[in-house]
Amino acid sequence: MQMHEEKKSPMCCVHCGTPVNEVYVQYSPGNIRLTKCILCKCVADEYVECEMMIIVIDLILHKPEAYRHLFFNYPNLNKLDLKDLIWKASMMFLILDSCKQSILGAGKVNSVKWESLSAFMFTAGMVLALVALRSVVYLSTIFMASCFAMRRSPYVNVRMADILLALLLSSYFKLFTFAMMIWDFSPIMIYMIDMFVLSSNALAFKVMLNTTTPTAVASIAAGTVVTFLVDSLIQFCR
């Protein structure tokens, strides 16, 4: 267990990103004092005392402080198994992306067929494979961009697993796909969700690598463009 805990990213100040050993000192059960950052002199993480709904609202509002709390402090404070969290998030978002692809491709060649069990299994497998390929291309491009960003800032040392987890957690807008499977929505809503996901991914990239906004936006845009080109090539070959 000790080796597993050592692999976790250190906690940090949610305001400036400076690493901290602890975000609060507990004197007795229910009696804590929030610690201050030695660099910016602000409270290191005020989200410790906030309800989860407040954190979710700040995530939707794209506040960097909420993202730092979610990526660096929350897993350490709650002793989460990051490897298990990555696998579960990956599978869930892979299924959600497959459902989104099925909604967009309704009536087309790349849609799921329901005429028979064999047709369903074949078409569902094809959609799942296509979505998995898109995800691999998108993430691989961002990983290469992150390597370039870390070379420009040698003092930044972030594991690829941390970047992957940040991208997965910042894709929480994909959960709205559940609503689209229950109620009737315009397909335009899917593209709006994609835009929110991309903007959230860009902020997650910026927070994790402590880089600039143009670098983060360019990295996410590169992943999107490369994914679009690969998808277009696949559709052309078919």
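The values are calculated or read from the model by the stated rules, or taken from the named source; none is laboratory data. If you're wondering where the values come from, they're calculated on a predicted model, not measured in any experiment. For neighbour counting, all protein chains shown are included, and Cβ atoms are generated from backbone atoms with ideal geometry for every residue, glycine included. To get the accessible areas, we keep the full protein, side chains included, count just its heavy atoms, and leave off ligands, DNA and RNA. Shrake-Rupley method; radii C 1.70, N 1.55, O 1.52, S 1.80 Å.
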TODO: Using a 10 Å cut-off on Cβ atoms, rank the peptides 193-200, 173-180, 29-36 from the highest mean neighbour count down.
DONE: 193-200, 173-180, 29-36
Open item on the list: Need the C-alpha centroid separation for segment 156-192 versus segment 61-105, integer Å.
Closed with: 8 Å
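At 1.4 Å probe size, with every protein chain present, just tell me what the per residue accessible area of the chain comes to in Å².
On the way: 14260 Å² over 238 residues.
Here the residues of the chain average 60 Å² of exposed surface.
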- [ ] With r as the distance between the Cβ atoms of Leu80 and Phe236 and R0 = 45 Å, compute the FRET efficiency 1/(1 + (r/R0)^6) and round to 0.05.
- [x] 0.60
- [ ] Specify which labelled value, from (i) 32.4, 92; (ii) 20.0, 65; (iii) 16.8, 53, agrees with Rg and Dmax of the Cα atoms in Å derived from the coordinates of the model shown.
- [x] (ii)
Open item on the list: Test of understanding: what is the full-extension gain from Lys63 to Phe143, defined as 0.36 nm times their sequence separation minus their Cα-Cα distance?
Closed with: 26.5 nm
Open item on the list: For Tyr24, what residues show an amide H to amide H distance below 5 Å, using hydrogens built from the backbone and excluding near sequence neighbours?
Closed with: Thr35
Task: Accessible-area composition of the chain, carbon plus sulfur, in percent [1.4 Å probe] - done: 68 percent
Open item on the list: For a Förster distance of 30 Å, can you work out the FRET efficiency between the beta-carbons of Leu117 and Phe178, rounded to the nearest 0.05?
Closed with: 0.75
Task: Contour minus Cα-Cα distance for Ala132 and Lys88 (0.36 nm per residue) - done: 14.4 nm
Task: Whole-Hz ³J(HN,Hα) from phi, Karplus 6.51 cos²θ - 1.76 cosθ + 1.60, for segment 67-74, glycine and proline x - done: 5, 5, 4, 5, 7, 9, 8, 4
Open item on the list: Please list, in order along segment 136-141, the HN-Hα scalar couplings obtained from phi with the Karplus expression 6.51 cos²θ - 1.76 cosθ + 1.60 (θ = phi - 60°), rounded to whole Hz, x for Gly and Pro.
Closed with: 5, 5, 4, 5, 4, 5
